[in-house]
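To start, the structure under review is shown below, and the notes come after it.
The values are calculated or read from the model by the stated rules, or taken from the named source; none is laboratory data. Quick caveat, the model's predicted, so the values are computed rather than measured. Cβ sites come from the backbone with ideal geometry, for glycine too, and all protein chains shown count toward neighbours.
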Amino acid sequence: MRYSFYKVPGVHTAFMIKRIFSLFLLFVLWCGIAHSAEFGSVRAEGMGGAFAAVDGDSGAVYHNPAGIAGITIPEVSVNAGYFRDASWDGSIVGMIYAWPWRILGASTLALHRDTQMGGSDYTRQAGMTFAWSQDEEKGQLRWGATFKWREDTRRWMQSGLVDLGLQKEWKEEKLTLGLCVTNLLSDDQDAAGLIPSCGILYRAPVGNIVADINWRTDGPYLRCGLEHSFYNDLLVLRGGYMGAPEALFTLGASSYFRPFGFDVSFSWPAASMSGTGYFRLAAQYRFGGERFSERFMERKTHLEEMERLKKAYTVEKVKRVQEEAGYRFPLKHKAVPGDTLRALAQKYYGNGNKWQLIYNVNIDRVERGQPRIGEELLIPAP
């Protein structure tokens, strides 16, 4: 019998076409371009590089491999930018492809390829990341590993490296702790060498608050940042401080029009406005999942439903007030000494803040904000 995936039960043709396209895109990118092995993802840089406790983002492959465990649908991300540090300056390009891979439980697989170029020198890196997650009674446990190969012409180095990471999330406390060690097996003694890190993420009302401590050869460094979302992720703003290897202030922003997403970040030295820094851009595409139009319509429907419930509640409350008071709108009220518009609104509507309704239909019977004594006021329906 002739086999065709178009006839396999439960397999959607459009899904298979998207998967084939994504694999083709992966092949093209893998053969051609590649991102800095030291700077990290664009989103992370906008928050000062503090990313050890962040999950559900493919950029976690550069900071804590356990963080990709939260990815639920395939996604591809490409980035490019310009950098300058104390030793050289140049450009960086890269890509990440990540997808859920159900093996040994809930797991995720990601591939990344990176290149940092400055003059005739370059650093190239390619890696594969595996991550798993396990649901627990009060949260989730995630762990992961990255296996990568790096070639650096500045240091005449070619080596295989390993990153290991762990994350523990407490959902009720809205808290996540991350631990990781990057560049295991490295014999490099500079900033690209072995880097243990620990980080924390707190989901506060003002947004995501993150902080990392990195231990490098010249001591520990603090990285911290804040991320706040507006309009259901239509706009996300970030800011942070990066303490190593040189003190930098960072800013970043994102806009998500699902399935597309765009990130930008830049930095400047804490000591001056010139010298070390970078400017980065990234674009992301998610294969499947919720689209922006669906999310927008869902939000619109939600707002309409809230307005309907609000009106229904108001009508029900008015009926209850009428039944308790024994009258129906519209009605008339003869002003007596001591009457105020707010007092009348409280009496007839059960809400003194609705005095404006009475004022609007009795303007000629109100003097200096108070009803004239003896005037017959019209009390409209609320």
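Screening region 257-279 for residues that are of a type outside the set (A, V, I, L, M, F, W, C) and modelled with pLDDT of 85 or more and picking the one that is surrounded by the most Cβ atoms within 10 Å (Cβ to Cβ) gives 265.
The set of residues in region 219-256 being surrounded by fewer than 20 Cβ atoms within 10 Å (Cβ to Cβ) and acidic (Asp, Glu) consists of 233, 246.
If you check residue 299 against the conditions, is it within 51 Å of the chain's Cα centre (by Cα), at pLDDT below 75, within 30 Å of residue 259 (Cβ to Cβ) and among the charged types (D, E, K, R)? Answer is yes for this residue. Looking only at region 322-344, decide whether some residue is modelled with pLDDT under 65 and of a type in the set (D, E, K, R). Yes, region 322-344 contains at least one residue that is modelled with pLDDT under 65 and of a type in the set (D, E, K, R).
For region 48-75, the tally of residues that are touching a helix residue (DSSP H, G or I) at 6+ places or on another chain (Cβ under 9 Å), surrounded by 20 or more Cβ atoms within 10 Å (Cβ to Cβ) and not in a helix (DSSP H, G or I) stands at 11.
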